[in-house]
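Visitor: One structure follows; several queries about it will come next.
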Amino acid sequence: MSKNYDFLTIEKKWREYWDQHKIFKVAEDPSIPEDKRLYVLDMFPYPSGSGLHVGHPEGYTATDIYCRYKKMSGYNVLHPMGFDAFGLPAENYAIQTGTHPSETTYKNIDHFRGQIKALGFCYDWDREISTCDADYYKWTQWIFLQLFKKGLAYEAQMPINWCPKCGTGLANEEVKDGRCDRCDTPIERKNIRQWILKITAYAERLLKDLDVLDWNDSIKLMQENWIGKSEGAEVDFEISGLNEKLRVFTTRPDTLFGATYMVLAPEHPLVGKLTTPEQKKAVESYIKEASRKSDLQRTELNKEKSGVFTGAYAINSVNQKQIPIWISDYVLISYGTGAIMAVPAHDERDFEFAKKFGLPIIQVVSKDGSSYELQEAESTEGFAIGSGKYNGMKTADFKKAITEDLEKQGKGKKTINYKLRDWVFSRQRYWGEPIPIVHCEKCGIVPLEEKDLPLKLPEVKTYKPTGTGESPLALIEDWVNTTCPKCGGRAKRETNTMPQWAGSCWYYIRFTDPRNDKDLASKSSMEYWLPVDLYIGGAEHAVLHLLYARFWHKFLYDSGVVNTIEPFMTLRNQGMVLGENGEKMSKSRGNVINPDDVIAEHGADTLRIYEMFMGPLSADKPWNTQGIIGLRRFLEKVFRLFDKEIEESLPVNDSINRLLHKTIKIVGERIDSLEFNTAISQMMVFTNALQKEEKINKSILRDFVKILHPFAPFVTEEMWEMLGERPSVLKTKWPSYREELTQDEKIAIAVQENGKLRDTIFMSKDVTKQEMEEIALNSDKMKKILENKEKIKVISVPGKVVNVVTRIVTA
RNA sequence: GCCGAAGUGGCGGAACUGGCAGACGCGCUGGACUCAAAAUCCAGUGGGAUUCACCUCCCGUGGGGGUUCAAGUCCCCCCUUCGGCACCA
């Protein structure tokens, strides 16, 4: 009885079945051993108004296949989904449309949930969370309070990155090329009151623990570079005629003898003190100019060096030389000590500056120990010259020696600096977690009591950003004005909200126990599931979410909340799904593919396997509307196999049986290594072979339906039923294979002459090396080829190749 | 500028620790079925030479060198594309 592949009916039927029977429900079953418990997580989506992007199902299908395979292999798998629902886009959309962000957000969430469910992912929907739910952000606030109590959240008035379009301050991580990561607007500098998290306190551990993580090297490297550890020394310089010391940081204390001038950042606190009256005017005008420059201008490409002499001199203690002190904006106040010793001979920037202002350049490091004319700064290591008693020392040894000597004299010490800055954590916007702090007239900054959490976001009509650096919450009088939890006196609430990243810093913890109202999650649930075993998402969060979440996790570890030092053990990054033209998908480029349309036309199963078949998970891949047909045909072809005669008692053809075992093996291995494209190819090969058979043994088809199930869950449930089995396939056991049946009886051996293919001979899979060579050399073809040639040697690799090295015999 | 990833048919991509380059899919060509078409099935499909008797040979994985019996895979130099960082002393 022939039946068409009616995906609309099939997918609806099984979607409802799964929902009703809670097929995807997961519980903390204590009888399952620890090594059979898995936590597989997707980066949860931001529920934007435009709905799911075809990029979302890529990562989600990958983890879904992995989870289904693992479940069928006897694992207890936690696989949850939720929504990262606080943030600017929702708020901007709300402002545009005049609807409240909470209304639009929940509407978007419903839309997203529907779209995600249509794809048949095996999420335990009873664990769904949204970061904007008060039940959830109560604990985000709770974590903030713990940070505050440990001194890791502090308030400061400082210049920060300000996006005038978003009307809020941003973290360093949210600035790209001097522009807002979100809207591409050039960043301005703004001096406003901020809440800041001391992520720098964790710099070393964030760096070191990268070693224990199974992450892509490129992501690890990006974090490593962002943290930017550099080892060197702080060295004190006396200032001529002034009882002040000027401290600099250098990674090359071995070049101290080559320091020919000093440079301070314009903002350096000593500038005023040491500037001479004659230079005062020039210095002040330079400072003023520098302060007006935006970050973008200050870091502009190929910018000419600028600077002004202060009139003061420092004394280089190693040789008592007086060297001039300059100020320049190429020295940053925020790094090191905000001051440097300039060694133009061995530092490119100093070289450029010295050339421009005619400052002396003295070589103190040499490749070979001799001195020579430098055409450019030579920053490579070598041997010391012109450095008194240190002459001839290798750079590394010199560094160590002089650092120790300076330390003994009390003039310097070994120092480590990081590029990582503290995390600017407050946003001057409405749609985020309120910071649970009040400002009391008497007591100052006072945290809310834990029992008073959650501090709910007031429901108001005006949530437009003020643009002034104040949050819109500041305008809500009856919310802002409150009493101090400590003294009961008059107080004002903190009106800044948390950045979007806050909620995603710990959502994976909440998933282990999402309805707990006593704790962020119970100890037992966290211990059962954490850490996340496999985490899949885009690479764009390399130094944002992935760094922030690691920071919070480490803090929670120190606080005794979680019991692992890292949150995400294995991380894989999916590539981008590009438009058909190979460009990034975007509305403005007009190349957006809507997953709803694809599902309506081909079904969710086809969309799933197409996205997996497109190429390696990690690669960026262009969408191809033509190409998806092939995957649709594949499923139809599998479906048509059921029109053949299928019997339990039919004899099993040896080659089909071998191919089945090989396929079971390959598909399992490829799922384990997340190489879904080749797993699908193998199933296609198997299907093509089955298709040629008139009759099919039923158990073969059963096994095949099982291995196809993780990829195409809907249609395989239907097929399972067509085989007379009871649902769900997900609850069956993954088929096993016999290793000896994964190889063909006869294998093709390449026969080469001087590395060039001359013949292919099929041989029994267990021929010995000698037999192989004998068969190969005695084939008619090879005999002919080898006529009149001298065999120099024969190289053979069992099961692969026989290569004869020959030479033509000259008569 | 620095760091990282990647360049394979008309297209997406295969090729395990060096061992038959182009699996699988799209597209294309021819054929079967059909009144016809769609769908499906069968055959072919890197380029070239030979002249088709499908036999044989040569070239071919961004370019140029090298190591090796053997290189898409290893080493050196260069080019292109993408991603990250951007005066971090």
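Quick note: the coordinates plus some simple rules give every number you see, no bench work behind them. Please read all numbers here as calculations on a predicted model, not as lab measurements. FYI the Cβ positions are ideal-geometry reconstructions off the backbone, even for glycines, and counts take in every protein chain you see.
Visitor: Arrange the following residues from fewest to most other Cβ atoms within 10 Å of their Cβ: A:Ile749, A:Ile160.
Guide: A:Ile749, A:Ile160
Visitor: What are the ³J(HN,Hα) couplings of the stretch A:688-701, residue after residue, when phi is run through the Karplus curve with 6.51, -1.76, 1.60 and θ = phi - 60°? Round to Hz, x for glycine and proline.
Guide: Rounded to whole hertz, the list is 4, 6, 4, 4, 7, 7, 7, 10, 10, 5, 5, 5, 5, 5.
Visitor: What 222 nm value per residue comes from the helices of chain A, counting each DSSP H run with n ≥ 4 as -39,500 (n - 2.57) and dividing by all residues, nearest 500 deg cm²/dmol?
Guide: Roughly -10000 deg cm²/dmol at 222 nm, from the helical runs in chain A.
Visitor: May I ask you to evaluate 6.51 cos²θ - 1.76 cosθ + 1.60, the Karplus curve with θ = phi - 60°, for each residue of the stretch A:332-339 and list the ³J(HN,Hα) values in order in whole Hz, giving x for glycine and proline?
Guide: After applying 6.51 cos²θ - 1.76 cosθ + 1.60, I find 9, 5, 8, 10, x, 9, x, 8 Hz.
Visitor: Based on the mean of other Cβ atoms within 10 Å per residue, sort peptides A:434-447, A:130-143 so the most packed one is first.
Guide: A:130-143, A:434-447
Visitor: Continuing with this model, one more query. In percent, what relative contact order does chain A have, based on Cα pairs under 8 Å that are 6 or more apart in sequence?
Guide: 14 percent
Visitor: Working from Cα positions, state the angle (0 to 90°, nearest 10) between the long axis of helix A:101-118 and the longest principal axis of chain A.
Guide: So the inclination is approximately 30 degrees.
Visitor: Another question about this same structure. So, by mean Cβ neighbours within 10 angstrom, what's the order for A:20-32, A:331-343 with the highest one leading?
Guide: Order by mean packing, descending: A:331-343, A:20-32.
Visitor: What aspartates and glutamates could a cross-link reach from A:Lys414, if we take a straight Cα to Cα line under 15 Å and drop same-chain neighbours fewer than 8 places away?
Guide: A:Glu231, A:Glu234, A:Asp236, A:Asp254, A:Asp397, A:Glu404, A:Asp405
Visitor: Could you work out the local net charge near A:Cys166, counting Lys and Arg as +1, Asp and Glu as -1, over the other residues with Cβ closer than 9 Å to its Cβ?
Guide: Taking every Cβ under 9 Å from that of A:Cys166, the sum is +4.
Visitor: While we're looking at this one, here's another question. Of A:Arg421, A:Arg608, how do they rank once you tally other Cβ atoms within 10 Å and put the fewest first?
Guide: Fewest-to-most ranking of A:Arg421, A:Arg608: A:Arg421, A:Arg608.
Visitor: At a 10 angstrom cut-off on C-beta neighbours, averaged per residue, how do the peptides A:248-257, A:659-668 rank from highest to lowest?
Guide: In descending order of packing, they fall as A:248-257, A:659-668.
Visitor: Now for a separate question. Structure shown: which of A:Lys150/A:Lys190; A:Lys190/A:Lys419; A:Lys208/A:Lys411 lie over 24 Å apart, alpha-carbon to alpha-carbon?
Guide: A:Lys150/A:Lys190; A:Lys208/A:Lys411
Visitor: Taking 23 Å as the cut-off for C-alpha to C-alpha distance, list the pairs among A:Lys662/A:Lys733; A:Lys220/A:Lys554; A:Lys245/A:Lys273; A:Lys12/A:Lys637; A:Lys149/A:Lys413 that go past it.
Guide: Table pairs above 23 Å Cα-Cα are A:Lys149/A:Lys413.
Visitor: I would also like to ask the following. Compute the Cα gyration tensor for the stretch A:746-808, then decide on rounded, prolate or oblate, letting a ≥ b ≥ c be the square roots of its eigenvalues: rounded whenever a/c is under 1.5, prolate when a/b is larger than b/c in the other cases, and oblate in all that remain.
Guide: Note, shape of the stretch A:746-808 comes out prolate.
Visitor: Pairing the Cα long axis of helix A:280-292 with the longest principal axis of chain A, what angle in degrees results, from 0 to 90 and rounded to the nearest 10?
Guide: Between the helix axis and the principal axis of chain A, the angle is about 30 degrees.
Visitor: Using alpha carbons only, how many degrees (0 to 90, rounded to 10) separate the axis of helix A:134-149 from the longest principal axis of chain A?
Guide: In chain A, helix A:134-149 runs at an angle near 40 degrees to the longest axis.
Visitor: In angstroms, what radius of gyration and Dmax does the stretch A:367-484 have, counting Cα atoms only?
Guide: Rg and Dmax of the stretch A:367-484, Cα atoms, are 28.7, 76 Å.
Visitor: Report, for chain A, the % of DSSP beta bridges that are antiparallel, rounded to 5.
Guide: Bridges in chain A that DSSP calls antiparallel: roughly 75 percent.
Visitor: How far apart, in nanometres, would the label points at A:Leu221 and A:Glu278 be if each is projected 7 angstrom from Cα along the Cα-to-Cβ direction?
Guide: Here the modelled spin labels are 5.1 nm apart.
Visitor: Let me ask another. Treat each spin label as a single point 7 Å out from the Cα along the C-beta direction, and report the A:Ser649 to A:Thr742 distance in nm.
Guide: It is 3.4 nm.
Visitor: Sort A:Val271, A:Val175, A:Val365 so the one with the fewest other Cβ atoms within 10 Å of its own Cβ comes first.
Guide: In order of increasing Cβ crowding within 10 Å: A:Val175, A:Val271, A:Val365.
Visitor: To the nearest 0.05, what FRET efficiency results for A:Glu540 and A:Glu580 with a Förster distance of 22 Å applied to their C-beta separation?
Guide: 0.50
Visitor: While we're looking at this one, here's another question. Excluding A:Trp734 itself, calculate the net charge of residues whose Cβ lies under 10 Å from the Cβ of A:Trp734, where each Lys or Arg counts +1 and each Asp or Glu counts -1.
Guide: Once all neighbours under 10 Å are counted, the net charge is +4.
Visitor: Continuing with the same structure: Go ahead and run the numbers for FRET between A:Glu459 and A:Val592, Cβ-Cβ distance against an R0 of 41 Å, rounding to 0.05.
Guide: 0.75
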